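The values are calculated or read from the model by the stated rules, or taken from the named source; none is laboratory data. Since this is a predicted model, take the numbers as computed values, not measurements. Please note: Cβ atoms are built from the backbone with ideal geometry, for glycine as well, and neighbour counts cover all protein chains shown. Surface areas here come from the heavy atoms of the whole protein model, side chains and all, with no ligands, DNA or RNA. Shrake-Rupley method; radii C 1.70, N 1.55, O 1.52, S 1.80 Å.
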Amino acid sequence: MTPASDTALAVNAWFRANARDLPWRRPGFGPWGILVSEFMLQQTPVVRVIPRLEEWLERWPTPHALASTPQSEAVRAWGRLGYPRRALYLHGCAVAITERHGGIVPETVSELLALPGVGEYTARAVAAFAFGHRHPVVDTNVRRVLARAVGGVADPGPPSTRRDLAAMAAELPEDRDEARVFNAGVMELGAVVCTARSPRCDACPLRETCRWRAAGYPEYTGPARVVQKRFEGSDRQVRGLILAELRASHRPVTAAEIAALWPDAVQLERALAALVADGLAVPAEPGSYALPE
DNA sequence: AACCCGGGGCT
DNA sequence: AGCCCAGGGTT
């Protein structure tokens, strides 16, 4: 067997000594818990996820339990985690797992990819962390660490799934357990040491071999990264206001109540129509809306 | 490839 | 006032 690279040895030793004590790393946390955690962690920081995850798993400890619950309850329990479509997708996962997989979370990347809201990252994360399979797992942290330590640049630039997975695969140890630890370790390194803003290079296990450090920390020169639109005044804010009203009310919300949420009637209608199109709101009594059952 | 989708905390 | 966050779906 090919010996693990110096990079992998350094990362794995560092991770074994420095890993944060996170709920989904507890022994026996289980594939369902891992899957729920990965959904919540999509674009949402760890510290915001932990309390919501524990509530969620206490209430719905199995896919069958969630599948037996109306979508509306999943959306309410999602609260203000953001991107509420994830609550709908996760409910859809629970239904699919119950109907197609006998209530057991599937193990293979292709089966996981077939679930709603599961993409390249989440499928590999579940296969690797819940089942110990050897796959490259690439998230925003991994992309940044590889760009710096291996690529010698400050920032990975626009994501390319094929290229990013190949870059991680090239560093992945042959041994399954070492590969699993390496995947988690590189993510952790990006999350707590090789951060986007202020990397703590003095504490990095790769500081002696990092090509970005060796090159003198050149600034990013790639294509300009897309700037996220301002949230204040955006359709996203308006959707959030409407959905908060739907979550808070246990009877249909009237058009007049919705109209009071935002001054711009055109934008309000656009946001409401988008929520209906996404399945997050459904017409109830004439002129009223509710969460999906 | 570009765009849309929440919301909060940090710099 | 931006930037960033264990991404995914649609066009």
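Condition test on residue A:208, is it free of Cβ contacts under 8 Å to residues at least 24 places away in the same chain, over 23 Å from the mean Cα position of the chain (by Cα) and open to solvent by 50 Å² or more (accessible area, probe 1.4 Å)? When the stated conditions are applied, residue A:208 passes them. Among the residues of segment A:1-49, the ones that are open to solvent by less than 20 Å² (accessible area, probe 1.4 Å) and either assigned to a helix (DSSP H, G or I) or in contact with a strand residue (DSSP E or B) (Cβ under 8 Å, 6 or more places away or on another chain) (or both) come to 14 in all. Residues in segment A:216-247 that are open to solvent by 100 Å² or more (accessible area, probe 1.4 Å) and within 17 Å of residue A:280 (Cβ to Cβ): 1 in all.
Looking at A:134, A:124, just one residue is under 19 Å from residue A:25 (Cα atoms) and open to solvent by 50 Å² or more (accessible area, probe 1.4 Å), and that residue is A:134. Quickly run through segment A:52-79 and pick out the residues that are in a helix (DSSP H, G or I), more than 23 Å from residue A:102 (Cα to Cα) and not charged (D, E, K, R). Scanning segment A:52-79 gives A:53, A:72, A:75, A:77, A:78. Set side by side, the residues A:52, A:85, A:48 differ, and just one is within 15 Å of DNA strand C (Cβ to nearest atom) and in contact with a Phe, Trp or Tyr (Cβ under 8 Å, 6 or more places away or on another chain), which is A:52.
Scan segment A:96-119 for residues that are open to solvent by less than 40 Å² (accessible area, probe 1.4 Å) and either outside any loop (DSSP other than H, G, I, E, B) or at pLDDT below 95 (or both) and jot them down.
A:96, A:97, A:109, A:112
Entry remark, segment A:185-209: residues being among the hydrophobic types (A, V, I, L, M, F, W, C) and out of contact with any Lys or Arg (no Cβ under 9 Å at 6 or more places or on another chain) number 4 in total. Listed here are the helices (runs of 4 or more DSSP H) enclosed by segment A:203-267 that have at least 1 residues being more than 30 Å from residue A:142 (Cβ to Cβ) and more than 9 Å from DNA strand B (Cβ to nearest atom): A:235-248, A:255-259.
Listed here are the residues, each with its yes/no results for (1) at pLDDT 95 or above; (2) assigned by TED's automatic domain parsing to the domain that holds residue A:11; (3) within 16 Å of DNA strand B (Cβ to nearest atom).
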residue: A:145; (1), (2), (3): yes, yes, no
residue: A:148; (1), (2), (3): yes, yes, no
residue: A:152; (1), (2), (3): yes, yes, no
residue: A:159; (1), (2), (3): no, yes, yes
residue: A:165; (1), (2), (3): yes, yes, yes
residue: A:175; (1), (2), (3): yes, yes, no
residue: A:188; (1), (2), (3): yes, yes, no
residue: A:195; (1), (2), (3): yes, yes, yes
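Quick one: in segment A:248-277, of everything that is over 24 Å from residue A:73 (Cα atoms) and of a type outside the set (A, V, I, L, M), which residue is surrounded by the fewest Cβ atoms within 10 Å (Cβ to Cβ)? Looking at residues that are over 24 Å from residue A:73 (Cα atoms) and of a type outside the set (A, V, I, L, M), I get A:263.
Being more than 14 Å from the chain's Cα centre (by Cα), farther than 27 Å from residue A:20 by Cα and of a type in the set (Val, Ile, Thr) holds for only one residue in A:62, A:98, and it is A:98.
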